[in-house]
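First the structure, in the form of structure tokens, and then the observations on it.
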Amino acid sequence: MKDFPSVDAIAAEISTETAFIQVGPIVERVKLKSRSPTASLKASKDEIRTSLKASTLDGVFATLFSNVTGGVLLTNFLLELGASPTEIGVLASIPMLANLMQPIGAYFSEQTNSRHDYCFWVYSISRSLWVGLAIAIFLVGRNHAAPNFLIEITLGVAIFSYFLGALGSAPWLSWMAALVPRSLRGRYFGLRSSAANLTNLISMPLLGFVVSRWQGGSIQGYSVVLILGVVSGLVSLCFQNFMVDVNPQSGQEVFSIHTIEADDSFSQPTSQTLFQPISLASIWQDSNFLKFLVYVNLWTFSVNLSAPFFNVYLLNDLALDISQVTLYNSLSAGANLLLLMFWGKLADRIGNRPILIGVGIVFAIFPIFWLMTGTNPLSTWVWLPLLHLIAGATAAAIDLCSNNFQMGIAPHHNQSTYFGIAAAFAGISGALGTTAGGFFAQLGYGGLLGLFAFSSVLRLGALLPLIFVQERQLPE
């Protein structure tokens, strides 16, 4: 922990006053943006430092929201209501299907004059919808009545919240790509994710304890932490007010803080193409991006075939208490936290693809280890904690490098369109994976343990297309 670079240290490496864009053979001086999207583009080092700090705090409070409205707490809530594995799979598929909205969100965001304003309205509405579920629990769930109704309400809120929130995903990623220089992405996003995982490490056991020990029962306890999660999600948006805004209409969003030089391997955008909307035909002609889409589809399907059901296996098959399961999840978050900065620095040094392949192999065979678990003390106190530590360590590399790799794959103009298309394809394959996993678990064939083994085989095969994808290399 002591060797983690601060946001100040990262921001100090950013140019103090201006950045440069190379358009063809001409180098033009570009002023960076102030908070107002209509002002001239100018930002000092202090403003960028403030933006990075604010984004980190945004991630911390958004993590609290995500912990409550997804993951083990939401899974346990549905299991308490009597939800089946198929219903759990359907719920897990909703955020995947919601990614189909990302290209639409990317299109609408390109018509606006402010990344901040667009993201604020999208996320404030989508996160507030969960208040409706909390109210429904208080009104309907007090006497544990109508559990099927609460399951339907949960699915309905999740659909509207995730689909609306997906409209902001690609614009937000494009916003961050503009604010964080390419050479520092590994370290900064590692730092940001470390802060989020530290929040995860501390909050998950506490939230799990509140739910399991609430006097009105775990269902009522979930409604209490749900209100807390929504408040945290709205607080996170307040920190975005301190981030340097970006105007998509300026055509300078990705170049505002980057120094781009000519590169023989990849064509540079010219002054004619830089400010024009990209056509879908040009995307489908990008063979490197298409290879990346193949990898994303196969990988997300194979991962999500089993990912939503590890907690189901612990809560249902092994009958562990929710507080113990949240403790396991905290161990995973702790391992994620400790290794994020290591993976970030390594990615800046050797690139993202080698890490995705090497760590991906370990992540692929990981589900097989669950076949050796049980209810005996050795599994409960040694094997299961070890599995969660491995999961957190490998997921840190996969998540961090996947985002950075995607930024390196997309051309430097109209990035949000590429992000949206990739997310939409990943959403379809991920939704198919979670839904198929739910059906597979109920068919027999070894139950959840058979599903884990099958997922492991598919994960290994999904890594093959990644070998042929080339990351865009541009000196800073």
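The HN-Hα couplings worked out from phi for the stretch 306-311 by the Karplus form 6.51 cos²θ - 1.76 cosθ + 1.60 (θ = phi - 60°) are 10, 3, x, 9, 5, 5 Hz, whole numbers, x standing for Gly and Pro. Protein heavy-atom surface of the stretch 333-391, 1.4 angstrom probe: 78% of the accessible area is carbon and sulfur, with nucleic acids and ligands not counted.
The values are calculated or read from the model by the stated rules, or taken from the named source; none is laboratory data. Predicted, not measured: the structure shown is a model, and the values here were computed from it. Calculation scope for accessible area: heavy atoms of the full protein, side chains included, ligands and nucleic acids excluded. Shrake-Rupley method; radii C 1.70, N 1.55, O 1.52, S 1.80 Å.
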